[in-house]
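Some notes on the structure that comes next.
The values are calculated or read from the model by the stated rules, or taken from the named source; none is laboratory data. Nothing here was measured: the structure is a model prediction, and the numbers come from that model. Cβ: placed from backbone, ideal geometry, glycine included. Neighbour counts: every protein chain shown. Ligands, DNA and RNA are excluded from the accessible area calculation, which covers all protein heavy atoms including side chains. Shrake-Rupley method; radii C 1.70, N 1.55, O 1.52, S 1.80 Å.
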Amino acid sequence: MNYTELSSAIQGYAENEFPSTAGSFTSADQIATFVEQAEQRIYNTIQFPLLRKNVNGITSANNKYLSAPSDFLAVYSFAVIDATGVYEFMLNKDVNFIRAAFPSPTDTAAPQYYALFGPTTTSATPPVITAEISFILGPTPDAAYDVELHYYYYPESIVTASTTWLGDNFDSVLLYGSLMEAFTFMRADPDTIGNYQKRYDDALALAKRLGDGMERTDAYRSGQARYPVK
């Protein structure tokens, strides 16, 4: 299901064209909001592999801070790569641990730990706080190391991409999630909302079975799923 089909389905199921409201918020804007809110809810309920991607970077010698990508949400894994190409995965700690374990910036070596430090700041005078997250490393890198960050992010919305993995492979959860947002906006009666909530929950359970179940195992390791014969 592409976005044009999804938008038409929302209008058809809701029997509402969602006419423009005061100001510049058009019918298309309203439907886009329903869909984007549904996507966010789904992506924060199920850890699909499509929510992860990799980026490579380089630390700076004697600098314990490293900026995160602009679309960063959370870490999946974080590794330092040595000169021979061997990956050493760093352990996640909090800032307090790193400050206590490596109190001096001159405590330098290959980093073993990392923590989410908070928003990055620019080198301007005075420094400007940005909207991006940074990492603090411990110990302070003693050289420029290659690092690989595998992290969670929000993939491009079907609203702007037209087609997405979720729309192509599990359009039911996206449709019913969007309809839940639409019926809430319409202040639909409790029976209608309850009916679509159940449909959404059923679709979400099937999607979760895929994203948090089938995509995390295989028949060789776990065997095939079996139902008891009665």
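For this structure, a couple of remarks:
- Test for Lys198: is it modelled with pLDDT of 95 or more and out of contact with any strand residue (DSSP E or B) (no Cβ under 9 Å at 6 or more places or on another chain): yes
- Count - residues of the stretch 126-148 that are β-branched (Val, Ile, Thr), over 24 Å from Lys53 (Cβ atoms) and either at pLDDT below 90 or in contact with a His (Cβ under 9 Å, 6 or more places away or on another chain) (or both): 2
- Residue within the stretch 65-72 that is more than 25 Å from the chain's Cα centre (by Cα) and not in a strand (DSSP E or B) present: no
- Listed by first and then second residue, the pairs linking a residue in the stretch 39-52 that is under 15 Å from Thr164 (Cα atoms) and surrounded by fewer than 17 Cβ atoms within 10 Å (Cβ to Cβ) to a residue that is charged (D, E, K, R) and modelled with pLDDT under 95, with Cβ atoms under 7 Å apart and 6 or more places separating them unless they lie on different chains, are Pro49/Glu215.
- Conditions (1) open to solvent by 50 Å² or more (accessible area, probe 1.4 Å); (2) part of a strand (DSSP E or B); number of the one not met by Phe78: (1)
- Residues that are touching a residue at least 24 places away in the same chain (Cβ under 8 Å) and surrounded by 14 or more Cβ atoms within 10 Å (Cβ to Cβ) number at least 2 in the following helices (runs of 4 or more DSSP H) confined to the stretch 152-226: 158-161, 165-169, 171-186, 190-211.
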